[in-house]
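Chemist: Got a structure for you, questions after.
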Amino acid sequence: MYALEEATQHQAKLTLLHVVQQHPATEVYYIKDAPQSGTGYAGEFGAKLPAFPPHPPETVRRDYNDEALSQLHDLVPASFTGAWEVQVAAGHPADAIVRTAAELDVDLIVMATHGRSGLPHVLLGSVAEKVVRHAPCPVLTVRQRERRA
């Protein structure tokens, strides 16, 4: 990871940032069990179904910030001995990156780019290009490698 190399070489603090789109930070789902008592009736088949034991609904909680922080922590190898932190920001990616860089008074932004050009670039835009234009510091863009199957 280029950011780790830069931080090590310059004895700088590394901040890993993940930007999530605007949505609730936590989603909660309640999963209910099958029918609670007695015998159910499946009208389309004309048959009675056995009753299922009653259970309280199970709550499933999904916290996007916790997931992102955990994934960012996993990116830093145990061999890295420099200072580092992870952060999650919400909003449009380019705006959030520029805003966070200004708030933290960073010296360098290192980010991957997909390397799109032509019509895909025009239609999808470029987060890296917007960050380069508006960042309060230099930006090192690194072309993202193709993932091998």
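Chemist: Filter the stretch 76-106 down to residues that are in a helix (DSSP H, G or I) and open to solvent by 90 Å² or more (accessible area, probe 1.4 Å), then give me how many there are.
Modeler: Final tally of qualifying residues: 3.
Chemist: Checking Ala12 against (1) open to solvent by 90 Å² or more (accessible area, probe 1.4 Å); (2) in a loop (DSSP other than H, G, I, E, B); (3) modelled with pLDDT of 65 or more, which single condition isn't satisfied?
Modeler: (1)
Chemist: Moving on. Just checking, does the stretch 97-112 include any residue being within 23 Å of Leu75 (Cα to Cα), modelled with pLDDT under 85 and out of contact with any strand residue (DSSP E or B) (no Cβ under 7 Å at 6 or more places or on another chain)?
Modeler: Among the residues of the stretch 97-112, not one is within 23 Å of Leu75 (Cα to Cα), modelled with pLDDT under 85 and out of contact with any strand residue (DSSP E or B) (no Cβ under 7 Å at 6 or more places or on another chain), which makes the answer no.
The values are calculated or read from the model by the stated rules, or taken from the named source; none is laboratory data. This structure is a prediction, so every number in the text was calculated from the model and none was measured. Cβ atoms come from the backbone with ideal geometry, glycine included; neighbour counts cover every protein chain shown. Just so you know, the surface numbers come from the protein's heavy atoms only, side chains and all, with ligands and any DNA or RNA stripped out. Shrake-Rupley method; radii C 1.70, N 1.55, O 1.52, S 1.80 Å.
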